[in-house]
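The values are calculated or read from the model by the stated rules, or taken from the named source; none is laboratory data. This structure is a prediction, so every number in the text was calculated from the model and none was measured. Backbone-built Cβ (ideal geometry, glycine too); neighbour counts: all protein chains shown. Heads up: the accessible areas ignore ligands, DNA and RNA and are worked out on the full protein's heavy atoms, side chains in. Shrake-Rupley method; radii C 1.70, N 1.55, O 1.52, S 1.80 Å.
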Amino acid sequence: MDKLVIQGGIPLNGEVRISGAKNAALPILCAGLLTEAPLKLGNVPDLHDIATMLKLLEHMGIKVSRDGQNQLTLDASDIHTHEAPYDMVKTMRASILVLGPLLARFGHARVSLPGGCAIGSRPVDLHIKGLQAMGAEIHIEHGYIEAKVDKLKGARIFMDLVTVTGTENLMMAATLAEGTTILENAAKEPEVVDLAECLIKMGAQIEGAGSDVITIKGVSSLGAAQHDVVCDRIEAGTYLVAAAMTGGNIRLQHVRAELLDAVIDKLRETGATVTHDDNSISVSSVGVLQGKGNLRSVSVRTAPHPAFPTDMQAQFMALNTVADAVATVTETIFENRFMHVQEMQRLGANIEVEGNTAIIRGTEFLEGATVMATDLRASASLVLAALVARGETVIERIYHLDRGYERLEDKLTQLGARIQRVK
Ligand code: UD1
């Protein structure tokens with residue numbers, strides 16, 4: 001298994017291009033199932049999770065042609081199975097996103113209950129309840145969701161908590177339903193908006209994406225379209241934190257600052273200077289390598305968009321381990337999302353966990369050690385800690401990082417970090 005070896009202590013400087021968002025690309029690939037016409041996609045990140053999804057879609061009969069770097073065309077004119085088998089979906093929870101499209105277009109789906117990051121129980125009851133409200137008959141049998149319907153019918157669906165993939169699944173299903181569907185308490189994440197934009201290009205009638213009420217008027221079929229995936233705000237946020245921690249001056253390109261308001265706000269609280277234009281974000285900071293007092297501790301509390309994203313929590317925890325005072329990180333979306341704490345403690349971090357809150361006391365310095373990546377964002381936080389730690393850090397089990405960060409070590413090397421992948 002691959003490892004990353006990182007020598008800490010180097011400020012980051014330079015420019016880096018932000019990739020397309022994994023969490024937008026995954027549902028958009030599934031939207032390819034909704035039409036027999038070609039769907040041309042650009043800015044698709046080259047990631048392990050994307051390869052897993054493409055493999056699953058190909059298993060169902062979708063033809064994928066790779067048109068160039070980060071560009072592909074999906075052709076779902078000949079789907080021969082409506083099943084997503086356990087072996088293919090166990091590593092990725094987002095495979096649940098094939099359920100809505102399959103049911104909407106073919107009236108049948110058999111999808112294994114998903115796996116994915118081990119960050120809590122993460123049920124899919126709201127996906128199922130929503131589809132049932134649209135008339136689907138659904139049973140769970142032998143670990144599979146068995147769903148069938150003659151024709152989905154529009155419905156008013158209230159989701160009692162905000163779910164990103166739940167909103168996406170129901171929105172995709174509703175595009176081909178008979179009549180109008182209203183999703184209440186819908187997720188407002190930029191990735192939901194990006195999916196809606198792609199569906200609209202395919203001919204869907206959707207209003208309100210980005211607000212908490214989305215209205216979808218069903219149409220009889222969807223057609224060909226071309227869409228570029230929105231930038232990855234979590235990847236961007238991770239590099240911004242890296243620069244704030246190490247000090248230096250970096251510029252991210254192909255990124256939209258307005259998708260990162262909560263993160264940029266918190267970065268400014270640390271003392272970093274953040275500026276942006278339409279297509280780029282720059283951050284400069286003195287960083288902790290020049291003294292601990294240069295980075296102020298900042299407390300964060302995760303909540304659905306536009307509040308602070310749970311996918312950035314671990315990175316801010318890393319930042320706080322070397323900041324000047326005491327901060328708290330409160331996780332309200334997932335239970336069990338503090339698995340990075342133990343590993344950070346191995347690097348010398350001072351963190352206590354009480355329920356869903358971690359209390360982090362900034363220490364003078366971290367020290368390199370061997371640590372193990374646990375889930376995707378936890379792994380990113382270990383990379384950040386390693387960038388400021390004294391000496392060498394070895395991060396094992398980095399396949400989690402390959403699920404979500406395109407060419408991480410190349411991009412960090414481009415910014416001056418000393419990081420190497422060891423096979
Ligand atoms: C998506 C993102 C993930 C991010 C998360 C929250 C993708 C592929 N993944 O995950 O990176 O961390 O949003 O921003 O886009 N829940 C239920 N029942 C359901 C669905 C969800 O109880 O039917 C709960 C979950 O257990 C969790 C909360 O709702 O506590 C939010 O989960 P959700 O928004 O669905 O997360 P994902 O869509 O899986």
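Can you work out the base-10 log of I(q)/I(0) for region 1-133 at q = 0.13, 0.18, 0.21 1/Å, using the Debye formula on its C-alpha atoms alone?
The Debye formula, applied to the Cα set alone, gives -0.62, -1.02, -1.29.
Once you put a point 7 Å from the Cα of His139 and another 7 Å from the Cα of Arg390, both along the Cβ direction, what distance in nm separates them?
Spacing of the two 7 Å Cα→Cβ label points: 6.4 nm.
Any chance you could tell me what percent of the C-alpha pair distances in region 83-236 go past 23 Å?
Counting pairs separated by more than 23 Å, the tail of P(r) holds 33 percent.
Quick one: of the DSSP bridges fully inside region 337-423, what percent are antiparallel, nearest 5?
Of those bridges, close to 55 percent are antiparallel.
Output the direction-averaged projected area (hull surface divided by four) of the convex hull of the alpha-carbon atoms of region 294-423, in nm².
Spelled out: convex hull of the Cα atoms, projected over all directions, averaged, 7.8 nm².
How far apart, in nm, are the 7 Å Cα→Cβ label points at Thr275 and Thr81?
That separation, rounded to one decimal, is 5.6 nm.
Are there any GluC sites (Glu not before Pro) in region 316-423 that are in a DSSP loop and have at most 16 other Cβ atoms within 10 Å? List them by number.
Taking region 316-423 and a limit of 16 other Cβ atoms within 10 Å, the loop GluC sites (Glu not before Pro) found are Glu335, Glu364.
Sequence-distant or interchain residues sharing an amide H contact under 5 Å with Ala187, placed H: which?
The list, which skips near neighbours in sequence, is Thr163, Thr167.
Based on the Cβ-Cβ distance of Ile359 and Tyr399, what FRET efficiency does E = 1/(1 + (r/R0)^6) give at R0 = 25 Å, to the nearest 0.05?
0.25
Kindly provide the helix-only [θ] at 222 nm of the chain, computed as the sum of -39,500 (n - 2.57) over DSSP H runs of four or more divided by all residues, to the nearest 500 deg cm²/dmol?
The helix-only estimate for the chain comes to -9000 deg cm²/dmol at 222 nm.
Viscosity 1.306 mPa s, temperature 10 °C: give me the Stokes-Einstein translational D for region 246-322 in µm²/s, with Rh taken as the Kirkwood radius over C-alpha pairs.
Rounded, D is 122 µm²/s.
What is the calculated FRET efficiency for Val326 to Gln290, with r their C-beta to C-beta distance and R₀ = 22 Å, to the nearest 0.05?
After rounding, the FRET efficiency stands at 0.55.
Please sort 57-64, 228-235 by packing, taking for each peptide the average over its residues of neighbouring beta carbons within 10 angstrom, highest first.
Highest to lowest by the protection proxy: 228-235, 57-64.
Can you list the residues of region 377-399 with backbone N under 15 Å from a point 7 Å past the Cα of Arg418, pointing along Cα to Cβ?
Hits in region 377-399 for Arg418 at 15 Å: 386-394.
In whole angstrom, how far apart do the alpha carbon centroids of region 288-326 and region 203-245 sit?
Here the two parts' Cα centres lie 26 Å apart.
Counting only protein heavy atoms and a 1.4 Å probe, tell me what percentage of region 37-96's accessible area is made up of carbon and sulfur.
Within region 37-96, the accessible surface is 48 percent carbon and sulfur.
Could you pull the Cα extents of region 359-423 along its three principal axes, largest to smallest, in whole Å?
That gives 31, 25, 19 Å along the principal axes, largest extent first.
Taking a ≥ b ≥ c as the square roots of the eigenvalues of the Cα gyration tensor of region 107-191, is the shape rounded (a/c under 1.5), prolate (a/b larger than b/c) or oblate?
Oblate, since a/c reaches 1.5 and b/c is not below a/b.
5 Å is the cut-off here: which amide hydrogens, built 1.01 Å from N in the peptide plane, fall below it relative to Thr370, excluding neighbours closer than 5 in sequence?
Val394
Given axes a ≥ b ≥ c from the Cα gyration tensor, I'd like to know whether region 284-369 is rounded (a/c under 1.5), prolate (a/b larger than b/c) or oblate.
oblate
Taking a ≥ b ≥ c as the square roots of the Cα gyration tensor eigenvalues, with a/c under 1.5 meaning rounded and otherwise prolate when a/b beats b/c, else oblate, which class fits region 190-302?
Because a/c hits 1.5 or more and a/b exceeds b/c, region 190-302 counts as prolate.
What translational diffusion coefficient, in µm²/s and rounded to a whole number, does the Stokes-Einstein relation yield for the chain at 37 °C and a viscosity of 0.692 mPa s, taking the hydrodynamic radius as the Kirkwood radius over Cα pairs?
The calculation lands on 150 µm²/s.
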